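Novice: Handing you this structure, nothing more for now.
Just so you know, all these numbers are worked out from the coordinates, no wet-lab data involved. In this text, all values refer to a predicted model and were calculated from it rather than measured experimentally. Here the Cβ is made from the backbone with ideal geometry for all residues, glycine too, and neighbour counts use every protein chain on show.
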Amino acid sequence: MLTTLSKILVRILPTNAALFLIRTFVRRSQRPTVTDDQRAALAAATRIHYGDASKVAWSWGSGPLIVFVHGWNGRAAQLAPLAQQIAWEGYRCVCIDVTAHGESAGNHPAWRHFIDDIAAAATDFGQAYAFIGHSAGGLATLAAARLQRIYADSFVCVSTPSHPYPPIRVLQQLLDPPRRVLDRCRHEIARDFGTTWERLEHGEVWKSANAPLLLFHDYDDRYIEHTDGDRIVRWSADSRVEKSSGYGHTRVLASDELARAIVRFLDERSVLLRCAAGGSR
């Protein structure tokens, strides 16, 4: 009933009123249920805060720091089993709940929340060896690297879009708003990224990547096109893409293929860094 009414109103209301409706009622957080496997992984972690008392994260292990960032309407718990597995390889793994997600405060997701919270995590937790982001979390991490000057030795982006089109696509499918409203939504998203929508479409976020990048996509992802990985590789010089099949958008996080690809990538980076350090003596 609410969706039907919103679909009518978003077409007849003035643009600013339609945007207010979208922000207030449509873009509310949808926190997914925590599974038994995810709950078990969280139970083995230390619950911590970052940024301020309203932002929650979980930490496993010790060693070089890896920060995990979930996707839009996701939560840290979705990455918890993967983080725990990577921690066993000798890393300190921290999964954050972005504002308006998981157990962090807030009700309305925003790209700016992702970008600012990733920067806050980088400040609070110290120099990261790697960032691992799922979906929107991957795109926002690279945006934070450009806008907030965060740095890591490497980045991993799983099921990550080439630019922030998924919320626009969902809005089109859900409400079919007029073009004037969609254009304003695109403008607001691009403003969070500190650029224009056209530049986002042409890979501005990825062209400024400041460290090696592993992209991982699944052929059966119905939310993010797997060809986005191929597009990103053309924009980002020091990057590569690997793909799986049969998992889709979120189940891929629990796949052995992804875990192996990440460990292999991190091991390769570790060897290269040690060689570079030895050669500089």
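Novice: With +1 assigned to the C-beta of every Lys and Arg and -1 to the C-beta of every Asp and Glu, and no other charges, what is the dipole magnitude of segment 36-168 about the Cα centre in debye, to the nearest 20?
Specialist: The calculation lands at about 180 debye.
Novice: Using amide H atoms built 1.01 Å from N in the peptide plane, name the residues 5+ places from ILE150, or on other chains, whose amide H lies under 5 Å from its own.
Specialist: The list, which skips near neighbours in sequence, is ALA145.
Novice: Could you give the alpha-carbon Rg of segment 163-281 over 2.2 N^0.38 Å, rounded to two decimals?
Specialist: 1.32
Novice: Under 23 Å between alpha carbons, and skipping anything fewer than 8 positions from LYS243 in its own chain: which lysines qualify?
Specialist: The qualifying lysines are LYS207.
Novice: Give me the dipole magnitude in Debye, nearest 20, for segment 165-248 about the Cα centre, with unit charges on the beta carbon: positive for Lys and Arg, negative for Asp and Glu.
Specialist: 280
Novice: With +1 on each Lys and Arg Cβ and -1 on each Asp and Glu Cβ, how big is the dipole of segment 5-101 about its Cα centre, in debye rounded to the nearest 20?
Specialist: Around 540 debye, computed over segment 5-101.
Novice: If I histogram all Cα-Cα distances within segment 133-208 using bins 5 Å wide from 0, what percent of pairs lands in each bin?
Specialist: 3, 15, 25, 24, 17, 9, 4, 2, 0
Novice: I would also like to ask the following. When the helix-only estimate is applied to the chain (DSSP H runs of n ≥ 4, each -39,500 (n - 2.57), divided by the residue count), what is the mean residue ellipticity at 222 nm, nearest 500 deg cm²/dmol? Intermediate values should be presented prior to the final figure.
Specialist: Working: 12 runs with 127 residues, N = 281.
Mean residue ellipticity at 222 nm (helix-derived): -13500 deg cm²/dmol.
Novice: Sticking with this structure for a sec: If you build the convex hull over the alpha carbons only and average its shadow over all orientations, what do you get for the chain? Give it in nm² to one decimal.
Specialist: Over all viewing directions, the chain projects a mean Cα-hull area of 14.8 nm².
Novice: Further question: Please give the per residue volume of the convex hull enclosing the alpha carbon atoms of segment 59-126, rounded to a whole number of Å³.
Specialist: 70
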